[in-house]
Ligand SMILES: Nc1nc2c(c(=O)[nH]1)N[C@H]1C(S)=C(S)[C@@H](COP(=O)(O)O)O[C@H]1N2
Ligand SMILES: [Mo]
């Protein structure tokens, strides 16, 4: 399926010329028929009626035939935040994604990036390694929406509704070995589609991250595939990115192609680049200043309002298990 030339219709902007419309409907039926229960009954023609709006295209929300069925997903009200959602215009246009830009404006450079088709390899110390086609992955676990706090190490912060599923579900599927202690993530490496990977030779691409297995199995650890009730925009890490809401934002790699179970603590992109500034655990802590700035307050996107930073980004109460295990020897920063 990966090499199916019909994928050309899943183009960048969601533009499908009229003349391709019928072909695409036929193609979708074939995909549905060929892929069995997961997709059959979902990608039917009726869901293809609406194209992406101009605004969706402006936001670089990639077209995918399953999106209309998958989004918006039902909100899981167990996960809510006591402050307002950040307006999506800001969330979609103020980003860190160094593969495209160093200047908070990766949305200006993501046009050539193709998040579909996509493959995610889950591998390493596990009984059932697997290469997931994105279509199968998107329908393998029930998607839900969760409102989370988000805190970048640079002090800007936002409140956003992610759509996705707990990382735990995906990891359980691969049946980790008893010896596996860590989970390593690798983002895509496509210099031909990502100008930052061509020009920014100071960084060693691809982006890579890692957490303890217990952290990855924590109920808060989330694989996001959507944002604001739609497929993730490219600049937000389409087609999937990790979210660890109690850690600084850089612990959540975007556009991930590989998840590896390992018994060695993974190196991480920012820790390797500047270990004095970016730790391995990177749990949000107002009491631990960054060498170049205080972490005691955070700046809410759009309003610019400064509010106190919360320990573990406000998730301390939910991390009880981790306090007793991974974090117990002061392994926090
Ligand atoms: N592959 C990749 N993932 C990444 C980054 C990046 O540059 N490349 N930046 C990180 C940082 S520093 C932050 S704060 C968040 C930003 O996510 P957002 O742009 O969706 O807010 O993505 C993280 N994940
Ligand atoms: Mo960040």
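For this structure, a couple of remarks:
- Residue in the stretch 242-266 that is surrounded by the most Cβ atoms within 10 Å (Cβ to Cβ), counting only those that are near ligand 1 (Cβ under 7 Å from one of its atoms) and in a helix (DSSP H, G or I): 249
- Residues (assigned to a loop (DSSP other than H, G, I, E, B) and without any contact (Cβ under 8 Å) to a residue 24 or more places away in the chain) located in the stretch 49-77: 49, 50, 53, 77
- Output for the stretch 221-241, where each listed residue is in contact with a helix residue (DSSP H, G or I) (Cβ under 7 Å, 6 or more places away or on another chain) and either near ligand 1 (Cβ under 9 Å from one of its atoms) or free of Cβ contacts under 8 Å to residues at least 40 places away in the same chain (or both): 227, 235
- Filtered residues of the stretch 81-107 (kept if more than 13 Å from residue 236 (Cα to Cα) and away from ligand 2 (no atom under 16 Å from the Cβ)): 81, 82, 83, 84, 85, 87
- Residue identified as within 15 Å of ligand 1 (Cβ to nearest atom) and in a helix (DSSP H, G or I) among 136, 154, 90: 90
- Residue match in the stretch 101-108 (condition: in contact with a strand residue (DSSP E or B) (Cβ under 6 Å, 6 or more places away or on another chain) and within 20 Å of residue 251 (Cα to Cα)): yes
- Residue that is closer than 28 Å to residue 149 by Cα and modelled with pLDDT under 95, where the choices are 48, 102: 102
- Only residues that are farther than 18 Å from residue 111 by Cα, in contact with a helix residue (DSSP H, G or I) (Cβ under 9 Å, 6 or more places away or on another chain) and assigned to a loop (DSSP other than H, G, I, E, B) were counted in the stretch 185-220, giving 10.
The values are calculated or read from the model by the stated rules, or taken from the named source; none is laboratory data. Since this is a predicted model, take the numbers as computed values, not measurements. Neighbour counts are summed over all protein chains in view; Cβ atoms, including those assigned to glycine, are modelled from backbone coordinates with ideal geometry.
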